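These notes are about the structure you will find just below.
The values are calculated or read from the model by the stated rules, or taken from the named source; none is laboratory data. In this text the structure is predicted, and so the values were computed from the model without any measurement. In this analysis, Cβ positions are derived from the backbone assuming ideal geometry, glycine residues included, and neighbour counts consider all displayed protein chains.
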Amino acid sequence: MTAVIEAQGLGKQYGRRWALSDCTLDIPAGRVVGLVGPNGAGKTTLLHLTVGLLAPTSGSIEVLGGRPAANPAQLAKVGFVAQDSPTYAGLRVADHLKLGARLNPGWDAALARDRIERLGLDPARRAGQLSGGQRAQLALTLGIAKRPELLILDEPVAALDPLARREFLQGLMEATAEHELSVVLSSHLVSDLERACDYLIVLVDSRVRVAGEVEELLATHHRLSGPRRDPARLPAGQHVVAASHTDRQTTLIVRTDAPIHDPAWTVSRLSLEDLVLAYMGKSTHTDHNGRNHRPTLEVQR
Amino acid sequence: MIWLTWRQFRAAAAMMAAALAALAAILALTGPGLAHDYSTGIAACTQSGCSDFVRHFFNDHQGPFLAVTAVVLVLPALIGLFWGAPLITRELEAGTHQLVWNQSITRTRWLAVKLALTGVAAMTAAGLGSLAVTWWSSPIDKTATNFPKMGPLLFDTRGIVPIAYAAFAFALGVTVGMLVRRTLPAMAITLAVFVAIQIAMPLLVRPHLLPPTRSTIEITTSNLDDFTMGPDHRIRVSAKPADTGAWVLSSHTVDASGHAIDSIPPSPSLSPSSRACAPQQGLSPCLAEVTRLGYRQQVTYQPSSRFWPFQWYETGIYTALTLGLAGLCFWRIRRRLS
Amino acid sequence: MEPWMIEFHLDGRSGLSPYLQLVRQVRQALRLGLLREGDQLPTVKEVVAGLAINPNTVLKAYRELEHEGLVAARPGVGTFVTATLADASLAAHGPLRQELRRWLARARRAGLDEESIEALFMTTFRTAAEEDIA
């Protein structure tokens, strides 16, 4: 299967600070990828590297087999909806569509017109007068109507009310189904992503903590609770992601491919949010350079 | 991209067009009358009355003269400030660069079209303004004895150099905007740098574009600039070269052996009680005596015949600077700029 | 927009993966007779637009139903119901139902309240299911 994003040791440094470090990804096509992480983790940096708004400081990244923003053909393959859905406040909705038509050879004018009509956006309205949800939908239309293979969205619903949020995601998923897009969607809330994503990347403190198909991650991660136990004494093959203890009880989040036979443990399923929180959890071993003494796990293929 | 550039530039272009149209209308209405007044006045004035006519004519029109000259002087700076600096900073501040640089054109092409179209508009505006003012003001320029044609004020605001200044100011604005990334600081820095360069050019570069002419002239009443006799009977005197449009770079009185002096030392034939320099005699015999004693004025100047060569040289310099800045912009826009 | 015979919903807290929830809802509809042979299931695009879920989820659910022989996909047209679960209707299991009623009555007499009965049933059900797998 062709990879839609391939990154090797990708890093971006600003002055002395590494906004993204040592990022290695291999994302297959046809997925809706959720990129989760707290604010400042490096999500926007990673997405900007993917669309070519930034150049890497170290490592490399290839999108759909080409260098990001290398030439018009490459730019046509990737659609981008940036944070806060920027639009030209002084230009009307119709002007934005004209912008898309003039600057993109692959522009689908009928699709754009239909979408605007169905959304109920007035073409004569200036973008500065639209609500947040309407601007997000306009930006999404611009991204979809150029008929890309990959659509990248940076926290598209963060500033939207719940109804606008739901409508945006519905529109996005519909377009994904109709045009067979690959999508990368970032958010600092897992709840936005749970329904839509089938591939997950967790980014914390400029590093990728986990990346893989959601189904596989949920199948291989379990919550174990039982009597107080030292996590280091678990059998090999069971990697501890997070641990918490009381006097009498230990609760572990582990990742393992094999079944768990120890009868002392109560095994339960994790929700996606639990999983993400486990990887995002407080790490007392992380120093300021982001060096983490917890295992960084990747999907085994 | 051409459509988008125009669409974003529309309002600014309209304002400039309106302002230029207003200026052109005023100049067109008053220009012919001005030229007529001048030509009839010159034809009618007698030998000695001409200097009076020239003085009166200039004083009558000094206000508008300075006003239109100021317009041409300030126009390039305004272009740099309002067309150049916000070109990129506006997109960065609104975040729309994330939208437009993701369309199917490269950043290089985006910048190229924007620079080319807006740059041409800038040069056209400056050119029209300069052309109109040069035409309208030519009678007054001939009577502006304190503002020689080669001097900094008129040289900067006539002919073709305003076009080059406008292109340069525009390119400077865009470059500063790209480096600073915020509109107001970019505008301030652009203005500061542009003003500094506009002061540095006549101060440091223009005097040396061609070796200046140095000549030693006799001081007579026709080229006398200033004559003062102090209480100690020392005479301070200076003269201007015959070429009234020349740009005098330095001027000092020299004695018979060629040494520069501040003032002519007192001597019996040059005292108020002498036959030559008695106050009621007029200056002519006194100056003749000064000349007889060997005093001359040594002037270093750029003659007005070099007006057009200098205009082309300076246009060339500013064009090179503009192209250099444009190159810097193209190089820079392909790097990190998010 | 065509009126679909079935409208899907997702329960985020049910613990079941979304595609299984869709499969279940189709089977339930078949059981209750809401879906009959020849009816068309909503298109992937319609489901996704309504629920804002991943299209692959719907595709997987429909493939599972097809695997179970309940539906068939006609390329370019849609996915259609090919069988019913009416034969497996609840009415056919009269004796089982009666046995269950008797057990419920016994549990109530033993002093268990509703929640305890449900908990007892669910844990036993799950343990038995796991033992079957293991």
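Annotations for the structure displayed:
- Checking each residue in region C:18-51 for being of a type in the set (Val, Ile, Thr), more than 12 Å from the chain's Cα centre (by Cα) and in a helix (DSSP H, G or I) picks out C:Val44, C:Val47, C:Val48.
- Residue satisfying all of: in region A:86-112; of a type in the set (Gly, Ala, Ser) and touching a Phe, Trp or Tyr at 6+ places or on another chain (Cβ under 6 Å); nearest to the other protein chains (Cβ to nearest Cβ) among these: A:Gly100
Yes/no matrix, rows are residues, columns are (1) β-branched (Val, Ile, Thr); (2) at pLDDT below 90; (3) outside any strand (DSSP E or B); (4) not assigned by TED's automatic domain parsing to the domain that holds B:Trp83:
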position	(1), (2), (3), (4)
B:Ala169	no, no, yes, no
B:Thr175	yes, no, yes, no
B:Ala188	no, no, yes, no
B:Leu191	no, no, yes, no
B:Ala196	no, no, yes, no
B:Pro202	no, no, yes, no
B:Thr220	yes, yes, yes, yes
B:Pro241	no, yes, yes, yes
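- Within region A:30-42, considering residues that are surrounded by fewer than 24 Cβ atoms within 10 Å (Cβ to Cβ) and more than 12 Å from chain C (Cβ to nearest Cβ), the one modelled with the highest pLDDT: A:Pro38
- Restricting region A:51-73 to residues that are free of Cβ contacts under 8 Å to residues at least 12 places away in the same chain and not in a loop (DSSP other than H, G, I, E, B) leaves a set whose member that is nearest to the other protein chains (Cβ to nearest Cβ) is A:Ala73.
- Checked against (1) under 21 Å from B:Ser104 (Cβ atoms); (2) within 14 Å of chain B (Cβ to nearest Cβ); (3) surrounded by fewer than 16 Cβ atoms within 10 Å (Cβ to Cβ), A:Ala159 passes all but a single condition, namely (1).
- Looking only at region B:304-338, residues that are in a helix (DSSP H, G or I) and within 14 Å of chain A (Cβ to nearest Cβ) come to 3 in all.
- Being closer than 19 Å to A:Leu35 by Cα and either in contact (Cβ under 8 Å) with a residue 24 or more places away in the chain or crowded, with 20+ Cβ neighbours inside 10 Å (or both) holds for only one residue in A:Val210, A:Val254, A:Val267, and it is A:Val210.
- Spans of helices (runs of 4 or more DSSP H) in region B:32-133 with at least 3 residues closer than 20 Å to B:Val193 by Cα: B:49-79, B:85-94
- Residue list for region A:1-57, restricted to those being in contact with a strand residue (DSSP E or B) (Cβ under 9 Å, 6 or more places away or on another chain) and of a type in the set (Lys, Arg): A:Lys12, A:Arg31, A:Lys43
- In this entry, B:Ala186 passes the filter for residues that are more than 14 Å from every other protein chain (Cβ to nearest Cβ), buried (at least 22 other Cβ atoms within 10 Å of the Cβ), more than 21 Å from B:Ala19 (Cβ to Cβ) and in contact (Cβ under 8 Å) with a residue 24 or more places away in the chain.
- Count of region B:42-70 residues, restricted to those that are closer than 18 Å to B:Trp135 by Cα and either touching a Ser or Thr at 6+ places or on another chain (Cβ under 7 Å) or buried (at least 19 other Cβ atoms within 10 Å of the Cβ) (or both), is 6.
- Restricting region B:95-152 to residues that are aromatic (Phe, Trp, Tyr) and under 26 Å from the mean Cα position of the chain (by Cα), the residue that is farthest from the other protein chains (Cβ to nearest Cβ) is B:Phe147.
- Flag for C:Arg63 being exposed (fewer than 12 other Cβ atoms within 10 Å of the Cβ) and of a type in the set (Lys, Arg): no
- Among (1) farther than 30 Å from A:Ser191 by Cβ; (2) free of Cβ contacts under 8 Å to residues at least 12 places away in the same chain; (3) within 14 Å of another protein chain (Cβ to nearest Cβ) - the single one C:Pro55 does not satisfy: (1)
- Of the residues examined, B:Phe9 is one that is assigned to a helix (DSSP H, G or I), closer than 21 Å to B:Pro162 by Cβ and among the aromatic types (Phe, Trp, Tyr).
- The residue list A:His188, A:His179 contains one member that is modelled with pLDDT under 95, surrounded by fewer than 24 Cβ atoms within 10 Å (Cβ to Cβ) and more than 12 Å from chain C (Cβ to nearest Cβ), which is A:His188.
- Among residues of region A:221-238, those that are of a type outside the set (S, T, N, Q), at pLDDT 85 or above and out of contact with any Asp or Glu (no Cβ under 9 Å at 6 or more places or on another chain), counted: 2
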